[in-house]
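Heads up, the thing below is written out as structure tokens.
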Amino acid sequence: MELFGMPLETIYFYGLVISGGVTIIYLFFGDALEGLTEAIPFVNPTLIFSFVAIFSAGGYLGEVFTKLHSVLIAAASAIIALILVTLLNVFVLIPLSNAEESLVYKESDLRGRIGTVITGIPVDGYGEVMIENISGRISKPAVSFTKTEIPYGKKVLIIDIENGVLQVKMYEELETYI
């Protein structure tokens, strides 16, 4: 079958090559285009490019390797592309966009956090404190803010950070619930 005076295999192949090329260009320059798609959140360029690439690949393979009617091949390719793009969106893109934790942190974000002493902190010396969160653990050097010794395993409250060194004091829980 021909469309626009060209065989469908050629049109599918051009669609595959062009969508692959645009996908690679979007990979490098996609951040510049992110603002354009914020007005319409369901129009995700990644999903559109993926749909066109999968549809074109399915159509090309169907035209080359089967003797089915072209309309049936196009319908099957569209259904397969829709299913795969939906799976990509539900299981990859939505969880990535909802991820709130990262390993990146600012030292000012550590103020007020609770940590555990992993190397005892002497009165006039340095120890080490580990801060845990969902994405991992951070260990930082620490000194006692109140100039008291803090033994290993105790919970501490981070008061301030100076030159990458935490200033901590013993954490005292006001109430404990049974």
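The values are calculated or read from the model by the stated rules, or taken from the named source; none is laboratory data. This structure is a prediction, so every number in the text was calculated from the model and none was measured. All Cβ positions, glycine included, derive from the backbone under ideal geometry; neighbour counts span all protein chains shown.
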Exercise. List the pairs whose first member sits in region 7-32 and is farther than 12 Å from residue 45 by Cα, whose second member is aromatic (Phe, Trp, Tyr) and surrounded by fewer than 16 Cβ atoms within 10 Å (Cβ to Cβ), and whose Cβ atoms are under 9 Å apart, counting only residues at least 6 apart or on separate chains?
Worked result: 11/4
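Residues checked against (1) modelled with pLDDT of 85 or more; (2) surrounded by 14 or more Cβ atoms within 10 Å (Cβ to Cβ):
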site: 101; (1), (2): no, no
site: 118; (1), (2): yes, yes
site: 124; (1), (2): yes, no
site: 161; (1), (2): yes, yes
site: 169; (1), (2): yes, yes
site: 178; (1), (2): no, no
For this session: Kindly provide the set of residues from region 129-169 that are closer than 16 Å to residue 112 by Cβ, of a type outside the set (D, E, K, R) and in contact with a helix residue (DSSP H, G or I) (Cβ under 9 Å, 6 or more places away or on another chain), ordered by number.
Result: 131, 138, 158, 161, 166
For this session: Give me a count of the residues in region 128-148 that are loosely packed, with under 14 Cβ neighbours inside 10 Å, modelled with pLDDT of 90 or more and of a type in the set (D, E, K, R).
Result: 1
Exercise. Only one of these conditions is not met by residue 86: (1) assigned to a helix (DSSP H, G or I); (2) modelled with pLDDT under 90; (3) among the hydroxyl-bearing types (Ser, Thr, Tyr). Which number is it?
Worked result: (2)
For this session: Answer yes or no: is there a residue in region 144-154 that is under 15 Å from residue 172 (Cβ atoms) and assigned to a strand (DSSP E or B).
Result: yes
